[in-house]
Amino acid sequence: MATILILGATSDIGMTIARKFASGKFDILLAARKPEQLQPLESDIHIRYGVNCRSVAFDALQYGSHSEFFSSLQPKPDISICVFGILDDEEQAFNDWHLTERMIHTNYTGGVSILNVIAKYYIARKKGTIIGISSVAGDRGRASKLIYASAKAAFTTYLAGLRNKCFKDQVHVMTVQPGFVYTKMTENLPLPKLITSTPEEVADLIYKAYLKKKNIIYVKWFWRYIMLIIQCIPEFQFKKMKL
């Protein structure tokens, strides 16, 4: 039975992905900074789906511990999905370097650190799947998402490069580009209902895309074209807009 490692499992999307893959009879490894919060989910998955599920401690910002963390996992995961991320108030972050630094490191540096470790393991064994959740925000920089979008743009580019690096060794890397999603992270934002997804929609799409070995997926297909239109706006005009 294959095992999936979910990095950032206390997030709404992380928990929903865990349930989705458990329904497909995958064993589940839940990794989070506060694994004790995952005990109810762990029990529910084990009882409801009859698969193995356990929680382990993982801190995305403790880079020095990432190699040891992955080495300690038994069994090693066949699939690793990087879900963790953070969205602080952009204006506050612009005026407070500590918030800026936290957003950059949580949304980019932490993911690169742990996925480098995992990718080396998969490359050596010529098999494995890495799934990274980025964001459509990274497709073009905007004032309203200055720090968040730049970090996600970097993460998207990293995943593209990792996909290129791993392909010859039969390791698959998939990039997930959600738009707006109803989660705890966005609960205070006025999200437009028509173009906002639920965590269940995200998890369903990721599961289907994993089975088909997709490279890049946009959650709600039209986000690909929305962002393409935004990318095509000339810079002399774009810089005057409030987006």
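Just so it is clear, none of the values below were taken in a lab; they were calculated from the coordinates. Please read all numbers here as calculations on a predicted model, not as lab measurements. Glycine also receives a Cβ, built like all others from the backbone with ideal geometry; neighbour counts cover every protein chain displayed.
Per residue, the chain reaches -13500 deg cm²/dmol at 222 nm when only DSSP H runs of four or more residues are counted, each adding -39500 (n - 2.57). Here the average projected area of the convex hull drawn through the C-alpha atoms of the range 61-158 stands at 6.5 nm².
Given +1 on the Cβ of Lys and Arg, -1 on the Cβ of Asp and Glu, and no further charges, what dipole in debye does the chain carry about its Cα centre, rounded to the nearest 20?
On the way: 31 positive and 21 negative charges, 219 e Å.
Roughly 1060 debye, rounded to the nearest 20.
Between the listed residues ALA22, ALA32, CYS53, the Cα displaced farthest toward the positive end of the dipole of the range 19-78, a dipole computed from Cβ unit charges relative to the Cα centre, is found at ALA22. Within the chain, the proportion of Cα pairs with more than 29 Å between them is 26 percent. Filter the chain for me: DSSP H helices, axial length by Cα at least 27 angstrom, mean Kyte-Doolittle hydropathy not below -0.5. List them by residue number. Span-like helices in the chain: 146-166. For LYS212, the lysines whose Cα falls under 25 Å of its own Cα, not counting residues fewer than eight places away in the same chain, are LYS20, LYS25, LYS76, LYS120, LYS126, LYS127, LYS152, LYS165, LYS168, LYS220.
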